[in-house]
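The values are calculated or read from the model by the stated rules, or taken from the named source; none is laboratory data. Predicted model only: the values in this text are computed from it and were never measured. Positions of Cβ are generated from backbone atoms using ideal geometry, with glycine treated the same way; all protein chains shown enter the neighbour counts. Calculation scope for accessible area: heavy atoms of the full protein, side chains included, ligands and nucleic acids excluded. Shrake-Rupley method; radii C 1.70, N 1.55, O 1.52, S 1.80 Å.
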Amino acid sequence: MKQWITNQDGLDKLTMVTDAPVPEGLGEGEVLVKVNRVALNYRDTEVAMGLYKHHKYVPSGEAGLVPCSDICGTVVKVSSSPGSEDKLEGLREGDRVMATFNQTHVRGQIVAADMASGLGLPLAGCLAEYRAFPAAGLVRVPDYLSDDEAACLPIAAVTAWMSINSFQPLGQPMAGRDKVVLLLGTGGVAVSGLQIARALGLTTIITSSSDAKLERARTMGADHTINYKTTPAWHEKVLEITGGRGADVVFETGGAQTLAKSFECVAFGGLISCIGYLSGKEDAPAPGQPRINTNVLALKRNVTLKGMLNGSRERFEEMVRCVYNGDAGIRPVVDRVFAFEEAKEAFGYLFQGAFREGGYSGVLRGEGC
Ligand SMILES: NC(=O)c1ccc[n+]([C@@H]2O[C@H](COP(=O)([O-])OP(=O)(O)OC[C@H]3O[C@@H](n4cnc5c(N)ncnc54)[C@H](OP(=O)(O)O)[C@@H]3O)[C@@H](O)[C@H]2O)c1
């Protein structure tokens, strides 16, 4: 079979091999999945460039690593080894499935050991024609979603779901127009967050560097939009929009250049979900300007600052039941589709920011592989 591999030494060094063996000898509770679609995430570009090194609990991965985590595939074989029946989660040949990001994170809070079960680092990933999975690491695809759309759910949508609902009891997602969700930028997680927040009936504010993208966000139902380039004090605008109250949930995807402002516009008792670092992993030095300590910032508004690490399979299934059930009508937005053989171009396109110009996620089709 064909698969792509990386030595984590550069996007231009990604290599497609054509003679990789199709996994054989399924273990107890495992199924073989034909990969129909692979969705790319920012993390995949970092892994391929050797830049995904900030997680203490993620081992460094082997040479010749298969990258990528997010798929929609079809079960083509189930394990017949003794004792499997109880562990197959009812999966049958022909079922369409998505893979969970941290394969061992099935329910509850993530633990450090789960970090060693991430697809596409440290585990072999999914940019291949076939991959074997434990059934416990898979979630059924809702019928109404296409393969392209379903492939976008595991990282972007689950992270967005958890960014809103990590402190909500299972089965009781956040609700009410009085709850305000602030989404920073129009990347994959933020746009998924916009769709999910809207489906839950929450009020949304989204920022972007592009008026065209804000217009698109409005057509998707965003209640309020702010251009963070032309309105650098966007945190003040958030306060103005919310009558001084601030946002109940902040999707902190920006990091270095945004977190201080997020602290200024989060509601009293609100939640800052720390998702990413698109504006940098290290705070820029600010000579002459006192940097207020994080304790003080958090205490000022009784803020909860929560590191987000995707979500469990149980929460993934909760999300599908609640909002990806066909009734809410959410369809993940796919920006551009590439052929499997064009993976190198697709990674480059994502990294160059072309996705960011066009917004939203990208999908690699497995067709014709
Ligand atoms: N913790 C987790 O579980 C998890 C899961 C997924 C992703 N992440 C991380 O979260 C971040 C976002 O991921 P993604 O997949 O959504 O990325 P993405 O699709 O590549 O997001 C790109 C968008 O980020 C926005 N952006 C860039 N710089 C910004 C800034 N200074 N202020 C506000 N927005 C800015 C831009 O929006 P505009 O073009 O509209 O300006 C851009 O379109 C990444 O750092 C990723 O590694 C973490």
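Averaged per residue, the chain has 43 square angstrom of accessible surface, using a 1.4 angstrom probe with ligands and nucleic acids left out.
With both labels modelled 7 Å from their Cα along Cα-to-Cβ, the residue 231 to residue 325 distance reads 3.5 nm. If both residues of a DSSP beta bridge must be in the chain, then about 55% of such bridges are antiparallel. Remark: relative contact order (the chain) = 18 percent; criterion is Cα-Cα distance under 8 angstrom and separation of 6 or more residues. Element breakdown for the chain at a 1.4 angstrom probe: carbon and sulfur atoms account for 51% of the accessible area.
Placing pseudo-labels 7 Å out from each Cα toward the beta carbon at residue 57 and residue 111 gives an inter-label distance of 0.9 nm. Treating only the Cβ atoms of Lys and Arg (+1) and Asp and Glu (-1) as charged, compute the dipole magnitude of the chain about its Cα centre; round to the nearest 20 debye. Around 1060 debye, computed over the chain. Two numbers describe the Cα atoms of the chain: Rg and Dmax, which are 20.4, 68 Å.
For the range 259-356, the average shadow cast by the Cα convex hull is 10.2 nm², which is a quarter of the hull's surface.
The tail of the calculated P(r) for the range 167-307, taken as Cα-Cα distances beyond 25 Å, holds 21 percent of the pairs.
Of the whole protein surface, residue 331 contributes about 110 Å² of accessible area at a 1.4 Å probe radius.
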